[in-house]
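Novice: Can you keep this structure in mind? I'll have questions shortly.
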Amino acid sequence: MKPLIAPSILAANFNSLGEDIRVINHSEADFVHCDVMDGVFVPNISFGIPVVSHVKKIAEKPLDVHLMIVEPDKFIDDFARAGADYLTVHYETCPHLHRTVNHIKENGVKASVCLNPHTPVAVLEDIIAELDMVLLMSVNPGFGGQKFIPNTYKKVTQLRNMIDKTGSDCLIEVDGGVNFDTGKKLIEAGTDVLVAGSFVFNADDPAGTIHQLKNL
Ligand code: DX5
Ligand code: ZN
C-alpha cells in the first residue's frame with residue numbers, strides 16, 4: 001500500500017500561497033495539511049480560520065487541519081465551516097476528549113487526535129475505536145524544519161497493534177522531520193499518512209518530492 005502524503009503549507013511561500021496550493025493540486029499529494037498555532041499551546045503563531053477558508057477555495061485535495069491551540073472546542077464549528085475535512089486536536093489540550101471528538105463528528109468532519117512526543121499511545125486505548133485518524137508528533141510542535149525524534153517508530157508500532165486489535169480503519173499520521181529516510185522507516189512501522197513541510201517546499205521540485213515520498 002502506498003502512503004498518503006500531506007504536504008504542510010506551513011513551509012509554503014505565503015507571498016504566493018495560491019501557487020503552492022496549485023502545486024499540491026497537480027501533484028500526487030492526498031491532503032493539504034494546515035498547521036494552526038495559537039502562541040499559547042505552542043510557542044509560535046501561524047494562521048487561522050480566514051486563511052483556511054481561502055485555502056479551501058482553491059485546494060482540490062481534502063484539508064487536514066492540525067489545531068495546535070488551547071480550548072479547541074471553541075473553534076471546531078468555525079474550522080468546519082471554513083472547510084476542514086479532517087480536524088486534529090491535541091490530546092494535551094482536551095480534558096473531555098470524548099466530547100470534543102463527538103463535537104467534530106457532529107459537524108460532519110473526520111475526527112483525529114494528536115499526541116506530543118512525550119505522550120504515550122496507551123492514553124488512546126478507550127477512544128481509538130471512535131477515531132478516524134491519530135497524528136503522532138515526531139517533533140515538538142510549533143516549528144517546521146526540526147529534527148525527527150526516533151522514539152516515534154516505536155509509537156507507530158504500538159499504535160498499529162492497538163488499531164489492528166479493534167479492527168478499525170483509523171489512519172496513523174506522522175508529522176515532523178519527515179524525509180525519504182524517516183519516511184521509509186515510518187511506512188515500514190505501519191504509518192499511513194506522512195506530513196512533510198520543509199522537505200517538500202524547500203525542494204527544487206516539490207511535486208517530484210511528493211511523488212518520491214509516495215513511492216518510497
Ligand atoms: C509542526 C507542524 C508540522 C510542520 C512539519 O509543529 O505541525 O506540520 O509543518 O514541518 P517539517 O516537515 O518541516 O518538519
Ligand atoms: Zn502539523
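Novice: Do we find a residue being farther than 21 Å from Phe199 by Cα, in contact (Cβ under 8 Å) with a residue 24 or more places away in the chain and not aliphatic (A, V, I, L, M) anywhere in the stretch 10-33?
Specialist: no
Novice: Only one of Ala207, Ala196 is touching a His at 6+ places or on another chain (Cβ under 9 Å), modelled with pLDDT of 95 or more, more than 15 Å from ligand 2 (Cβ to nearest atom) and closer than 19 Å to Asp20 by Cα. Can you tell me which?
Specialist: Of Ala207, Ala196, the one residue that is touching a His at 6+ places or on another chain (Cβ under 9 Å), modelled with pLDDT of 95 or more, more than 15 Å from ligand 2 (Cβ to nearest atom) and closer than 19 Å to Asp20 by Cα is Ala207.
Novice: Okay, moving on. What residue, of Thr157, Thr191, Thr152, is at pLDDT 95 or above, touching a Pro at 6+ places or on another chain (Cβ under 8 Å) and closer than 19 Å to Lys2 by Cα?
Specialist: So the residue among Thr157, Thr191, Thr152 that is at pLDDT 95 or above, touching a Pro at 6+ places or on another chain (Cβ under 8 Å) and closer than 19 Å to Lys2 by Cα is Thr191.
Novice: Considering only the stretch 128-142, state which residues are within 11 Å of ligand 1 (Cβ to nearest atom) and part of a loop (DSSP other than H, G, I, E, B).
Specialist: Ser138, Val139, Asn140, Pro141, Gly142
Novice: Which one of these does Ile45 not meet: (1) within 26 Å of Leu115 (Cβ to Cβ); (2) touching a Gly at 6+ places or on another chain (Cβ under 8 Å); (3) surrounded by 15 or more Cβ atoms within 10 Å (Cβ to Cβ)?
Specialist: Ile45 satisfies every listed condition except (3).
Residue-wise test of (1) closer than 20 Å to Asp169 by Cβ; (2) buried (at least 18 other Cβ atoms within 10 Å of the Cβ).
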site	(1), (2)
Ala80	no, yes
Thr88	yes, yes
Gly108	yes, no
Ser112	yes, yes
Asp132	yes, yes
Leu136	yes, yes
Asn140	no, no
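Novice: Could you list, in sequence order, the residues of the stretch 90-106 that are surrounded by fewer than 22 Cβ atoms within 10 Å (Cβ to Cβ) and either within 16 Å of ligand 2 (Cβ to nearest atom) or touching a residue at least 60 places away in the same chain (Cβ under 8 Å) (or both)?
Specialist: Tyr91, Glu92, Thr93, listed by residue number.
Novice: Turning to a different aspect of this structure: When Val156 is evaluated against the numbered criteria (1) touching a residue at least 12 places away in the same chain (Cβ under 8 Å); (2) closer than 21 Å to Ile24 by Cα, which criterion, by number, is the only one it fails?
Specialist: Val156 satisfies every listed condition except (2).
Novice: For the stretch 143-200, give me the residue count where each residue is at positive phi and more than 16 Å from ligand 1 (Cβ to nearest atom).
Specialist: So the answer is 2.
A quick yes/no check of all residues on (1) touching a helix residue (DSSP H, G or I) at 6+ places or on another chain (Cβ under 6 Å); (2) among the β-branched types (Val, Ile, Thr); (3) crowded, with 20+ Cβ neighbours inside 10 Å:
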residue: Met162; (1), (2), (3): yes, no, no
residue: Lys165; (1), (2), (3): no, no, no
residue: Cys170; (1), (2), (3): yes, no, yes
residue: Gly177; (1), (2), (3): no, no, yes
residue: Asp181; (1), (2), (3): no, no, no
residue: Glu188; (1), (2), (3): no, no, no
residue: Asp192; (1), (2), (3): no, no, yes
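The values are calculated or read from the model by the stated rules, or taken from the named source; none is laboratory data. In this text the structure is predicted, and so the values were computed from the model without any measurement. Cβ coordinates were reconstructed from backbone atoms using ideal geometry, including for glycine residues, and neighbour counts include every protein chain displayed.
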